[in-house]
Structures are given as structure tokens and as C-alpha cells.
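*Asks:* For reference, the structure I am asking about is given below.
Read-outs throughout are calculated quantities, based only on the coordinates presented, and are distinct from any laboratory measurement. Bear in mind that the values here come from a model prediction, so they are computed numbers and not experimental data. So basically every Cβ, Gly included, is an ideal-geometry build from the backbone, and we count neighbours across all protein chains shown.
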């Protein structure tokens, strides 16, 4: 292969894994940062020294193409959600042989269009509408299959459960829509549209894939546990990696593959969230990138592989990669949850987790005296911290997880005294 440059658009969060892996394989990683920038929690993970060149996307698409085309680009991939749109556009211009279908680009980063495209392909989905202002949702909310049901309201193009709101029994949906419209979301984009959906109930899963030449290869499958915390109804509590033959997993995989076909995926990673309901799988959303928040690294611990490694092998010429995976270890990621806002007074409670035999990592982002907000979404959970447990024996992980939750309960949050606390980063 003569083209040795790989462009990573917005190499944030798990996207930081691309550059070192590509460099080890002999490729030259180049970073492109899209504008506007997403939330600081994403941009703070950027490692400019990992790249041979760093470009800003605020110069326009044509300017970027002129700068990148002479370099010999082998592939363009998004490193995080904020880079999906620009990566799609650059791929269509620089490496069209690896481009996802350009005609469906608007469906791959817009939750409303995404659901419509999947439904048009014959897959069952939850009732959904996308609106620019509240009155446009009135007929939808009064429909027979929606009226009186719980509604989930969210930005059309955000990430990490940012802005996701519940309207119980269809009550309070109008002010929830107004609150989101016009707000700048976690990807740095202003919410011009809001999606309303009938709430899905069941067990939530994620299927991570790497697509090559239109073939969707499954790299790992996880089960999410989410809980209610105050007014927030979908707070991450833990993520557990599952074996390929776990109950329901084959059906979930089959559904996800059809959804990826419907959205025009031909190349690259995808992180697809699916609810297993009493009626079968239903799409939550497809993210056209690798799993964020360190999940790609956790996947490698669980299976020995992930979408980053699969991309590198594909670029090196491997064309018969396995469709599926073997679970080598039980891996569980435990998110920490602040039940209320206030000041952290006993962060030492978390330190006991390090002594657990299966603990592979403790990421604690607060100190005593820091003021924190009650956990409301994935971003606020990550601002507090998380722990990683892993072992070949599932029983050992389950035992340590129970101890972890017991230790976590010892972290105390005192009411904030104005002027006498630090605000957590």
C-alpha cells in the first residue's frame, strides 16, 4: 500500500487509541479537529504529540481536501461523535472506495432521520417524531399509539445521554422540548431539532462492529444497566461485556446488521445501542464511531480485540477477519453516581476499590472539597469517575462488584457552603 496517512477527525475520548495503533503499524496519523469544538470533557483528551500533522476544520472542506490530498490518504475515520459529519465528507472526497453511502449521511448522525431510515428498511422501531418547535409534535403526542405513554425527548444530534429527558405519561413534553431547542449540546452544535419517542422498556445492549466492504463484523457485545437518579431516568450504573452466544445476542446482532445496511454503512466502526423489549429488539441509536469513554480499551481486555485493531489489520491488507469474538475475560465497568449535588467529603471511600483482586483500574476525577452536581447523564458520571473489573472467573468479578458498590456508598456529599469549596473539573 502506497498511501500511509490515516486521518482521524476529532480524536477525542476513545479516539485517542487510533494514532498509537496506526503508528505502530507504520502509518502516519493526521488529526483534523472539526469546528465548533465539542464539550471540554472531549477536547481535553486530545493528544497533539501523537500526530504527524494537526489541522483545523474551520478553514472549510475544500481547503482541507487541498491540504490532505497530496499526503496519500489511506482512510478517514471519526474519532468521536463530533467528527462524524466532517469525516463522512472528507471520505467521500479523499477515499471514496471506503465511503459510507453519501446519500444516507444525514441519517447516520441525526437520531430522527436514523430511525426513519431503519423503519423504511422494514425494521420495527419505536414511534418517533423530529420537530423544530413544540407545536409540530402535538399530533404525534395525541396519536393512539403514543398518547399517555412515557416519552423520551432528546437532541437530534448529541451524545452521551446529553439532554435526554423523560416526560412521564406524556406530561411536560412541551417545556422539555423548549428547554432543549436552541441550547448548545455536548458536540458543540446548537440544537435546531428535537426528537420525541415513545419510551422503550426492556434491557439495553450495545453491539460494536467494524464494517469492511459492507460486511459488518461484530467485535463485542455489552449489556447496560441504567438507573434513575433524582429527575434523571437513564443514568449509567454499569456496562458488562457478554459472550457471543449469550441469550438474545444472536437476535440483537441480526437486527443491528440490518440497521447498518439501512443506514448505508460500508466501512468503519459503529457503536449501536439496542433495547431488547418484550416485542424484540428496537433501535435506540447508531453511532458512526468506536465506543467512547474508554470502552474500546475495555473491549480489548475482554476479547483481545476491538474496532481500532480491526481497522489497522484491514489497512494492512487482512481481508478475512473473524466475524465475531471470543470472550476471554468477564469485564465490568462500574460508573460512580452522585445522588445529590454538594461537596465531596470522603473520597477515600473509593480507594478501597483498588484492593479488590479483579480491579484493573480506578479513575477518580474528584478530590475532597470539590463541588459536584448530581449525576444526570454519562458526561456527569465520567466527571465523577469509574472503575474497571476483569477476570477469567465471572464469580470473582460479581463478588468484587458487590464490594465495589458497598465501598462507593461510603462516599459522602455534604451541602455546599458558598465560597468554601472547589468546583470539580
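*Asks:* State the extension gain, in nm to one decimal, for the chain segment bounded by residue 392 and residue 58, taking 0.36 nm per residue of separation less the distance between their alpha-carbons.
*Replies:* Details: separation 334, 0.36 × 334 = 120.24 nm, distance 4.71 nm.
Full extension from residue 392 to residue 58 adds 115.5 nm.
*Asks:* Okay, moving on. Only Cα pairs under 8 Å and at least 6 apart count here; give the relative contact order of region 234-320 as a rounded whole percent.
*Replies:* On the way: 58 pairs, mean separation 17.2, N = 87.
Relative contact order, region 234-320: 20 percent.
*Asks:* Hey, what did the chain get for relative contact order, percent, Cα under 8 Å, at least 6 apart? All intermediate terms of the calculation are to be shown ahead of the outcome.
*Replies:* Working: 945 pairs, mean separation 60.3, N = 425.
Relative CO of the chain lands at 14 percent.
*Asks:* How would you rank 340, 319, going from fewest to most other Cβ atoms within 10 Å of each one's own Cβ?
*Replies:* Working: 340 13, 319 9.
With the sparsest Cβ surroundings first, the list reads 319, 340.
*Asks:* List the pair-distance distribution P(r) of region 203-414, using every Cα-Cα distance, as the percent of pairs falling in each 10 Å bin from 0 up to the bin containing the longest distance, rounded to whole percents.
*Replies:* 8, 32, 33, 20, 7, 0
*Asks:* A follow-up question, please. How large is the translational diffusion coefficient of region 288-425 in µm² per second when you combine the Kirkwood radius over alpha carbon pairs with Stokes-Einstein at 25 °C and 0.890 mPa s? Working shown, then result.
*Replies:* On the way: Rh = 16.8 Å.
The calculation lands on 146 µm²/s.
*Asks:* Got a sec? How would 210, 46 order by Cβ neighbour count within 10 Å, fewest to most? Let's see the in-between values first.
*Replies:* Values: 210 24, 46 20.
Fewest-to-most Cβ neighbours within 10 Å comes out as 46, 210.
*Asks:* Still on this structure, please answer the following. If you average 1/r across every pair of different Cα atoms in the chain and take the reciprocal, what Kirkwood value do you get, in Å? Show your work: numbers first, answer last.
*Replies:* Details: mean 1/r = 0.0448 Å⁻¹.
It is 22.3 Å.
*Asks:* Between residue 346 and residue 213, what is the label-point separation in nm under the 7 Å Cα-to-beta-carbon projection?
*Replies:* 6.0 nm
*Asks:* With r defined as the distance between the Cβ atoms of residue 138 and residue 104 and R0 fixed at 35 Å, what FRET efficiency is calculated, to the nearest 0.05? Could you put the intermediate results ahead of the total?
*Replies:* Details: r = 29 Å, r/R0 = 0.84.
The computed FRET efficiency comes out at 0.75.
*Asks:* Show that you can apply the helix-only estimate: for the chain, add -39,500 (n - 2.57) for every DSSP H stretch of four or more residues, divide by all residues, and state [θ] at 222 nm to the nearest 500. List each step's numbers first, then the result.
*Replies:* Numbers: 14 runs with 114 residues, N = 425.
One gets -7500 deg cm²/dmol as the mean residue ellipticity at 222 nm.
*Asks:* Would you give the gap between the C-alpha center of region 127-173 and the C-alpha center of region 219-269, rounded to a whole Å?
*Replies:* Between the Cα centre of region 127-173 and that of region 219-269, the gap is 22 Å.
*Asks:* For the pair residue 339 and residue 67, how long in nm is the line joining their label points, each one 7 Å along Cα→Cβ?
*Replies:* So the label points at residue 339 and residue 67 sit 5.0 nm apart.
*Asks:* Turning to a different aspect of this structure: Once you place label points 7 Å from the Cα toward the Cβ at residue 201 and residue 416, how far apart are they in nm?
*Replies:* 3.5 nm
*Asks:* Please report 409, 226, 179 as a ranked list, fewest other C-beta atoms within 10 angstrom at the top and most at the bottom. The partial results should precede the final answer.
*Replies:* Values: 409 10, 226 17, 179 14.
By the 10 Å Cβ count, ascending: 409, 179, 226.
*Asks:* Please report, in Å, the Rg and the Dmax of region 81-151, where both are computed over Cα atoms only.
*Replies:* 15.9, 49
*Asks:* Quick one: length gained pulling residue 169 to residue 150 fully straight, 0.36 nm per residue minus the C-alpha distance? Could you put the intermediate results ahead of the total?
*Replies:* On the way: separation 19, 0.36 × 19 = 6.84 nm, distance 0.44 nm.
Additional length available on full extension: 6.4 nm.
*Asks:* Ok, one more. Considering only DSSP beta bridges with both partners in the chain, what is the antiparallel share in %, to the nearest 5?
*Replies:* Details: 63 of 79 bridges.
About 80 percent, rounded to the nearest 5.
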